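Asker: Input: one structure, supplied below.
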Amino acid sequence: MEAEALPIVSSDIKVKTAWLYYVEGMTQEQIADKLKVSRVKVMRTLAACTAEGLVITTINTATAEQIALERRLEAQWSLASAIVIPTPSSDEHLETALGHAVAQYLGEQMQDGMTLAIGGGATLFASLRFIERRKLSNAAVVALVGSLAHSRWINPSIVAAKVAEAFDIDSYQITAPVIVDDELLREALWHQPTLEEVRQRAARADIALLTVGDISRQSTIFRHGIVPNELVDPLKAQGAVANILCYFIDREGKLVDHMINRQVMAIDLDIVARIPNVVIAAGGSSKVEAIKAALKVMPARVLITDSQTATALIS
C-alpha cells in the first residue's frame, strides 16, 4: 500500500513556501497540497514574505541556501522533507543544534492519538531540553532499544521516558539489557508477553525517530561502553560503516555478519522500516557514510541534518 503523503516541513517553512513559488514555479494550489494547508494560507504567507523583505526579485535571506539544500536532499534521497540547519562553528555544539531541530519537529508533528517510536543517543537526548511541555490524549512513546543497568543520560530508555513525560503520556520500555549474552537468550526474552507487547506497539507507531552512529571509538555507542571498544576493528573488518538502534550495517544498509547483531535487544530494523513516518536525525562529517547507509536500510520520510553534512550527502 502506498504511503500517505506527509505535509512538507522545513527549517523555515515561510522561506520554503517562497522558494517553491518563486524559484521552483509551483502554483499556490500545488504548494497548498504539499503543505496540507489552504490556498488562502499560502497566499498570506507569500504576502508576508514580500512585506518582510524576504522576497524582492529573488529570495533575500541566508536561509535560502538551506532551502536549496533541503530540496536537493529531498530529490536525491526520495524524502518527503529535509530539515537543514546551519552547521555550528564548533563540532561540540552540533548535537545541541540538531536536538533543537528535533524538538521543533516533535512539537509540530506529535498530536493526540499518535504513537512515537524512538531510539536513543546524544542528539535525541539533547532535544529533551527544548521540547515544549504539553498534554496529549491517547498518545504513547515506545522505546526502540533496551536499557543499561548502570548509566546516566546515555541510557537509551531515558529518551523515551523523558519525551513521554514532556507530553504527559504513557511510555513503553524494552525491560532488558541493550546487549544480552547470546541469541538464544534474546529469543527467549522476546517471547515474554510484556516485551512482545512493546514490539507490537512499535510496529503500529506513527513516527519512528532515529539517530545514526559511525564506527569509531569516538562514536557514542563505543565511547560510553554500550558496545565494547574492542569490537570496532572486527566490525569494520566485516564491512560495518554505521550503527542504527545498536545494529551494525554495511554500505548497502545490510546487517553485517557479526555476533553482536544477534545479541541486540532492539526492535528489528525491518519492523521499524515499515513505520509510516521514519525520521532520521544525524549530522557531522564523520557520519556522512553512515547516514547514506542508514538511508538505504530505512525508507526515511524526513532527514534532519546540518548544512555541511547535507552538502556532502548530495555531492
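The values are calculated or read from the model by the stated rules, or taken from the named source; none is laboratory data. Just so it is clear, the structure is predicted and the values come from calculations on it, not from any experiment. Backbone-built Cβ (ideal geometry, glycine too); neighbour counts: all protein chains shown.
Asker: Give all pairs with beta carbons closer than 7 Å in which a residue from the range 167-187 that is touching a residue at least 60 places away in the same chain (Cβ under 8 Å) meets a residue that is in a loop (DSSP other than H, G, I, E, B) and exposed (fewer than 14 other Cβ atoms within 10 Å of the Cβ); count only pairs at least 6 apart in sequence or on separate chains.
Answerer: Once the first residue is touching a residue at least 60 places away in the same chain (Cβ under 8 Å) and sits in the range 167-187, its partners that are in a loop (DSSP other than H, G, I, E, B) and exposed (fewer than 14 other Cβ atoms within 10 Å of the Cβ) give Pro177/Ala149.
Asker: If you don't mind, another one. Cβ-Cβ distance below 9 Å, separation of 6 or more or different chains: which pairs start in the range 83-109 with a residue that is of a type in the set (Asp, Glu) and end on one that is part of a loop (DSSP other than H, G, I, E, B)?
Answerer: Asp91/Gly284; Glu95/Gly121; Glu95/Gly283; Glu95/Gly284; Glu108/Val9
Asker: Oh, and also: Taking Cys49 and the conditions (1) within 17 Å of Val302 (Cβ to Cβ); (2) assigned to a helix (DSSP H, G or I), which numbered condition does it fall short on, given that it satisfies the others?
Answerer: (1)
Asker: Out of (1) surrounded by fewer than 17 Cβ atoms within 10 Å (Cβ to Cβ); (2) in contact (Cβ under 8 Å) with a residue 24 or more places away in the chain; (3) under 17 Å from Ala203 (Cβ atoms), what's the single condition that is false for Asp270?
Answerer: Of (1) surrounded by fewer than 17 Cβ atoms within 10 Å (Cβ to Cβ); (2) in contact (Cβ under 8 Å) with a residue 24 or more places away in the chain; (3) under 17 Å from Ala203 (Cβ atoms), only one is false for Asp270: (2).
Asker: Specify the residue that is surrounded by the most Cβ atoms within 10 Å (Cβ to Cβ); the eligible residues are those in the range 280-301 that are within 13 Å of Ile83 (Cα to Cα) and out of contact with any helix residue (DSSP H, G or I) (no Cβ under 7 Å at 6 or more places or on another chain).
Answerer: Going through the qualifying residues, I end up with Ala300.
Asker: Right, another one. I want to confirm something. Restricting to the range 154-178 and keeping residues that are touching a helix residue (DSSP H, G or I) at 6+ places or on another chain (Cβ under 6 Å) and outside any helix (DSSP H, G or I), which single residue is farthest from Gly119 (Cα to Cα)?
Answerer: Ala176
Asker: Also, quick follow-up: Quick check on Gln238: is it without any contact (Cβ under 8 Å) to a residue 24 or more places away in the chain and surrounded by fewer than 24 Cβ atoms within 10 Å (Cβ to Cβ)?
Answerer: yes
Asker: Given the conditions (1) crowded, with 16+ Cβ neighbours inside 10 Å; (2) modelled with pLDDT of 90 or more; (3) in the same structural domain as Ser307 (by TED's automatic domain parsing), report the number of the one that Gln66 does not fulfil.
Answerer: (2)
Asker: Still on this model: If you take the residues in the range 4-24 that are of a type outside the set (Ser, Thr, Tyr), in a helix (DSSP H, G or I) and more than 19 Å from the chain's Cα centre (by Cα), which one is surrounded by the fewest Cβ atoms within 10 Å (Cβ to Cβ)?
Answerer: Once the filter is applied, the top-ranked residue is Val23.
Asker: Still on this structure, I have one more. Within the range 128-143, take every residue that is surrounded by 11 or more Cβ atoms within 10 Å (Cβ to Cβ) and touching a helix residue (DSSP H, G or I) at 6+ places or on another chain (Cβ under 6 Å) and give me the one that is nearest to Val264 (Cα to Cα).
Answerer: Applying the filter and picking the extreme gives Ala143.
Asker: For Ala32, are the conditions met, namely being outside the structural domain of Ile207 (by TED's automatic domain parsing), out of contact with any strand residue (DSSP E or B) (no Cβ under 6 Å at 6 or more places or on another chain), surrounded by fewer than 18 Cβ atoms within 10 Å (Cβ to Cβ) and not in a strand (DSSP E or B)?
Answerer: For Ala32, the condition - outside the structural domain of Ile207 (by TED's automatic domain parsing), out of contact with any strand residue (DSSP E or B) (no Cβ under 6 Å at 6 or more places or on another chain), surrounded by fewer than 18 Cβ atoms within 10 Å (Cβ to Cβ) and not in a strand (DSSP E or B) - is not met.
Asker: For the range 197-229: of the residues being among the hydroxyl-bearing types (Ser, Thr, Tyr) and surrounded by 17 or more Cβ atoms within 10 Å (Cβ to Cβ), which is modelled with the lowest pLDDT?
Answerer: If we take residues in the range 197-229 being among the hydroxyl-bearing types (Ser, Thr, Tyr) and surrounded by 17 or more Cβ atoms within 10 Å (Cβ to Cβ), then Thr220 is modelled with the lowest pLDDT.
Asker: Taking Gly121, is it among the small types (Gly, Ala, Ser) and either surrounded by 20 or more Cβ atoms within 10 Å (Cβ to Cβ) or in contact with a Lys or Arg (Cβ under 6 Å, 6 or more places away or on another chain) (or both)?
Answerer: Yes.
Asker: Answer with yes or no whether Gly99 is outside the structural domain of Ser11 (by TED's automatic domain parsing) and within 15 Å of Ala208 (Cα to Cα).
Answerer: Against the criterion (outside the structural domain of Ser11 (by TED's automatic domain parsing) and within 15 Å of Ala208 (Cα to Cα)), Gly99 does not qualify.
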